[in-house]
Amino acid sequence: VQLQASGGGLVQAGGSLSLSCAASGGPSSRYTVGWFRQAPGKEREFVAAIRWTGSSTYYANSVKGRFTISRDNAKNTVYLQMNGLTPGDAAVYYCAAGLAIVSTVTTQRAYSYWGKGTLVTVSS
């Protein structure tokens, strides 16, 4: 499975961005897809995830209520709508796919496939 993240860019604090993660090359619709981010000098951290049915979503506390993850299996694409962005959200955002289950959706090891990141910059 190949993943391609896109949609990053420069936005002012309080603004919005929508990231996309397009999958190809495998039965990606059966995988849990997660978004992680890594800011300079910090470890990669979990942001959000969605199970393959789309009925279950998971969020880091830091983005809950501001970010929304969704998926369109017909298009093999997962979206991350980010609203109310703050400078603390600035990072390289990565999407990943794997057979993560409820207890492992926040852990990087649960994801077998990773895309190249897309940079989100938030100006204050």
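Before moving on, here are some points about what is shown:
- The local environment of G84, defined by Cβ-Cβ distances under 15 Å, has a net charge of +1 under the rule Lys, Arg +1 and Asp, Glu -1.
- Our compactness index for region 41-111, the C-alpha radius of gyration over the empirical 2.2 N^0.38 Å, is 1.10.
- Judged by the ratio a/c of the largest to the smallest principal axis of the C-alpha gyration tensor, the chain counts as prolate, that ratio being 1.5 or greater while a/b is larger than b/c.
- 14 Å beta-carbon shell around L19, net charge (K/R +1, D/E -1): +2
- Counted charge near I50, where neighbours are those whose Cβ lies closer than 13 Å (Asp, Glu -1; Lys, Arg +1): +2
None of the figures in this text is laboratory data; all of them are computed from the coordinates on show. None of the values given here were measured: they were computed from a predicted structure. Positions of Cβ are generated from backbone atoms using ideal geometry, with glycine treated the same way; all protein chains shown enter the neighbour counts.
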